Amino acid sequence: MTKLRIISVLAFALLVIFTVASCSKTKIKSEPESTISAEDEARRQAEEKRQKSLEEENLAEENLSRQQSAEMAQREKTAFENEDIHFEFDSVRLTPEAQQLLTRKAQWLKQNPGATITIEGHCDSRGTNEYNLALGEGRAQSAKTFLVDLGIDPARITTISFGEERPLDPRQNEAAWAKNRRAHFIIEK
């Protein structure tokens with residue numbers, strides 16, 4: 001039995017040797033390999049910071065540009081509404097100055113195709129209420145016709161007459177009457 005025991009021990013020992021030899025050994029590293037040097041990492045971080053800064057500057061410039069555009073559009077809209085055309089006494093005929101102003105208004109309307117307007121006709125206090133309402137309507141229609149002749153869709157323009165009911169200057173003298181003989185423009189949308 002000793003021989004059998006020796007053979008068993010030897011067979012077991014060989015089995016253990018082959019098992020251990022066939023297993024691959026993995027080397028465990030205590031520190032990960034660094035493929036990027038500290039200098040390269042610093043450069044990468046500096047570039048990321050520079051890119052972020054550029055993006056923030058571009059965003060700030062875009063916001064400023066949008067704000068400036070909105071302010072400019074508001075100034076143009078305000079100018080459109082605050083520049084009235086004026087008429088001679090007892091007349092619906094457009095003066096050369098009124099025609100120039102209406103030409104600028106037509107350009108604005110072409111640049112803002114979604115805008116609709118109301119033209120208000122006004123008169124001075126001389127004459128009857130009925131006469132001044134008709135005269136105010138004629139003044140508003142004269143302005144509308146001129147704008148339509150310049151290519152503005154008539155559906156974008158409404159007219160109304162206030163006659164002598166809404167004077168800019170309530171005094172009773174020629175300077176006040178001249179201010180009140182006007183067509184006023186309101187942007188509806």
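The values are calculated or read from the model by the stated rules, or taken from the named source; none is laboratory data. Quick caveat: nothing in here was measured; it's all calculated off a predicted structure. Cβ sites come from the backbone with ideal geometry, for glycine too, and all protein chains shown count toward neighbours.
Applying the condition of being in a helix (DSSP H, G or I) and of a type in the set (Val, Ile, Thr) to the range 12-54 and asking which residue is modelled with the lowest pLDDT yields 20. The set of residues in the range 55-86 being at pLDDT 80 or above, assigned to a helix (DSSP H, G or I) and among the aliphatic types (A, V, I, L, M) consists of 70, 72, 73, 79.
For the range 149-187, residues that are in contact with a Ser or Thr (Cβ under 6 Å, 6 or more places away or on another chain) and more than 20 Å from residue 128 (Cβ to Cβ) total 3.
Which of the residues spanning the range 151-189 are among the hydroxyl-bearing types (Ser, Thr, Tyr) and surrounded by fewer than 13 Cβ atoms within 10 Å (Cβ to Cβ)? If you could, list the steps in order and put the result at the bottom.
Filtering the range 151-189 for residues among the hydroxyl-bearing types (Ser, Thr, Tyr) gives 158-159, 161.
None; the set is empty.
The condition (being surrounded by 13 or more Cβ atoms within 10 Å (Cβ to Cβ), in contact with a helix residue (DSSP H, G or I) (Cβ under 7 Å, 6 or more places away or on another chain) and under 19 Å from residue 176 (Cβ atoms)) is satisfied by just one residue among 146, 80, 87: 87.
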